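A short worksheet on the structure shown next.
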Amino acid sequence: MSVKHAKPNFSQSQVAEMVKRLFGLTESEISSLPSYDDQNFFIDPIEGDKYVLKIMNSEDSKNPALIEVQMHAMSFLHQNGLPTQTTLPNISGQLMSLEEIDCGYGSQKYLVRLLTYLPGTTISKVPLTPQLLYETGKMAATMDTILQEMVHPHLAVLERENFIWNLSNLPLLEPYIHLFDGNPLEKVVKSVLYQYKTFVTPKRCNFRKCINHGDFNDLNVLVQPDGRDGHRISGILDFGDMHSGYYIHELAITIMYMMTEHPKPIEVGGPVLAGWESFLPLNEAEKDCLYVLVLSRFCQSIVLAHYSVSLHPENEEYLMITSKNGVHILSQLWELGKEQVEKLWFQTAAQFSDKK
């Protein structure tokens, strides 16, 4: 969750000094990368490989154990064949460094890491073919299944009580709904919250638990050409929203974000679902709640984007990327209704699987 003045604001000269001091690298190119709450830089040093420097916001920097688990998860997935970044040690052999600096609102501390650079472009920039959507669903299921095997002494930090991006905590949005100030979308958001409380919450006891990446979105999945006029997934980015959750939550999140990039959003669910179930079939309770959970993630994204813009109006263009398309898609999904949407998704998934 954005907190006013938590996001770092390092200059390129400060980054160049830090990269030299901490990692012994002399940059030939430094460029800023988009980010929600943190600050990311592409680093191309004269010494060789390319990297990403990640400067955590001051709030998350107060929880190094959580960052440690995130780094371990990335390494664990990488060891198991998934295309994730890994963290490079600094000159003193540490994977993190706590840097204290004044970014314009008093001296604060920020955790700094250097990550490997993954080639590719975000999935948001290529055609979302049914096959690529299928592979995206399969990758999400594979990732969560592998994460469930992960062992670490600080895994308990992933419980993250009251983490507002956890789909289990949807009711935490209620204090922010006033930001719509009479916008017609307010009625839809309130209706989804009611459906969540009365329909999803009682069934949650039948959901299968796991560790969620929590943000498997169109800007956190990289792809490269596969040599057959299509694309393959070449990178999974940003584990900052990792938390203890449920498999069905990851699927709902994946479907929702892929919908924001498709010319016919309603058609996304079937191929993603088919890919997911090729690796991890859903149980009945999970199937029954998928529609409302996708709507719920749209609500989280739209409400929290409006809140973040109220704190950081200078970053409005990036913060509202998903929300701009999401408002229309949420309304369309709500108007179509659970029965019609589920029928299309599950029938399409079955047909897709039959062709495999």
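The values are calculated or read from the model by the stated rules, or taken from the named source; none is laboratory data. Keep in mind it's a predicted model, so treat the numbers as computed, not measured. Every residue, glycine as well, gets a Cβ built from its backbone with ideal geometry; the counts of neighbours run over all protein chains shown. The accessibility values were calculated without ligands, DNA or RNA, using every heavy atom of the protein model including side chains. Shrake-Rupley method; radii C 1.70, N 1.55, O 1.52, S 1.80 Å.
Pull up the cross-link candidates among the lysines for Lys355, meaning alpha carbon to alpha carbon under 22 Å and not fewer than 8 places away within one chain.
Within the straight-line limit of under 22 Å, Lys355 reaches these lysines: Lys138, Lys264, Lys287, Lys343.
Using mean Cβ contacts within 10 Å as the protection proxy, how do 240-246, 181-187, 58-64 order, highest first? Don't skip to the answer; put the middle values down first.
Working: 240-246: 21.7, 181-187: 12.1, 58-64: 16.9.
Highest mean packing first, the order is 240-246, 58-64, 181-187.
For the stretch 166-244 and the stretch 144-165, what is the separation of their C-alpha centers, rounded to whole Å?
Spelled out, the Cα-based centre of one part sits 16 Å from the other.
Could you give the distance between the Cα centres of the stretch 65-108 and the stretch 255-281, to the whole Å?
The two parts, judged by their Cα centres, are 31 Å apart.
Please give the charge dipole size of the stretch 184-340, origin at the Cα centre, charges +1 on K and R Cβ atoms and -1 on D and E Cβ atoms. Round to the nearest 20 debye.
It works out to roughly 580 debye.
Measure up Lys54/Lys109; Lys190/Lys338; Lys209/Lys324; Lys125/Lys209 against 23 Å on the Cα-Cα distance and list the ones that go over.
Beyond 23 Å between Cα atoms: Lys209/Lys324; Lys125/Lys209.
How much of the accessible area of the stretch 214-356, probe 1.4 Å, is carbon plus sulfur, in whole percent?
Answer for the stretch 214-356: carbon and sulfur cover 48 percent of the accessible area.
Roughly how many debye, to the nearest 20, is the charge dipole of the stretch 218-297 about its Cα centre, given +1 on each Lys and Arg Cβ, -1 on each Asp and Glu Cβ, and no other charges?
In debye, rounded to 20, the stretch 218-297 gives about 120.
Using the Cα centre of the chain as origin and beta-carbon charges of +1 (Lys, Arg) and -1 (Asp, Glu), tell me which of Phe346, Ile177, Val157 is placed farthest towards the positive end of the dipole.
Phe346
Given the Cα-Cα distance of Gln332 and Ile30 and 0.36 nm per residue of separation, how much length would full extension add, in nm?
Details: separation 302, 0.36 × 302 = 108.72 nm, distance 4.17 nm.
Extending this stretch completely gives an extra 104.5 nm.
Probe of 1.4 angstrom, ligands and nucleic acids ignored: what's the accessible area per residue over the chain, in square angstrom? Write down the numbers at each step before the final one.
Details: 15500 Å² over 356 residues.
Normalised by residue count, the accessible surface of the chain is 44 Å².
Place +1 on the Cβ of every Lys and Arg and -1 on the Cβ of every Asp and Glu in the chain, take the dipole about the Cα centre, and give the residue among Met256, Gly120, Met242 whose Cα lies farthest towards its positive end.
Result: Met256, furthest along the dipole toward the positive end.
Along the charge dipole of the chain, which of Gly93, Val188, Gln79 sits closest to the positive end, that is, farthest toward it, with unit charges on the beta carbon of Lys, Arg, Asp and Glu (+1, +1, -1, -1)?
The residue sitting farthest along the positive end of the dipole is Val188.
Mind listing the phi-derived Karplus ³J(HN,Hα) values for the stretch 199-210, rounded to whole Hz, using 6.51, -1.76 and 1.60 with θ = phi - 60°, and x for any glycine or proline?
Going residue by residue, I get 10, 7, 3, x, 8, 4, 4, 9, 6, 8, 6, 6 Hz, with x marking Gly and Pro.
Given the -39500 (n - 2.57) contribution per DSSP H run of 4+ residues, what per-residue ellipticity at 222 nm results for the chain, rounded to the nearest 500 deg cm²/dmol?
Computed mean residue ellipticity for the chain: -13500 deg cm²/dmol.
Add +1 for every Lys or Arg and -1 for every Asp or Glu among the other residues with Cβ under 14 Å from the Cβ of Tyr194, and state the total.
In short, +2.
What is the dipole size for the chain, taken about its Cα centre, with +1 at each Lys and Arg Cβ and -1 at each Asp and Glu Cβ, in debye to the nearest 20?
680
Looking at the chain, do any whole DSSP H helices span at least 27 angstrom along their long axis by alpha carbon and average 0.5 or above on Kyte-Doolittle, and which? Mind showing how you got there, number by number?
Values: long enough: 284-311 (41 Å, 0.72).
Span-like helices, by this rule, are 284-311.
How much of the accessible area of the stretch 49-160, in percent, comes from carbon and sulfur atoms when a 1.4 Å probe is used? Kindly include the intermediate steps, with their values, before the conclusion.
On the way: 2600 of 4970 Å².
C and S fraction of accessible area: 52 percent.
Please state, to two decimals, what the Cα-based radius of gyration of the stretch 150-274 comes to when divided by 2.2 N^0.38 Å (N = residues).
So the Cα radius of gyration is 1.22 times the expected 2.2 N^0.38 Å.
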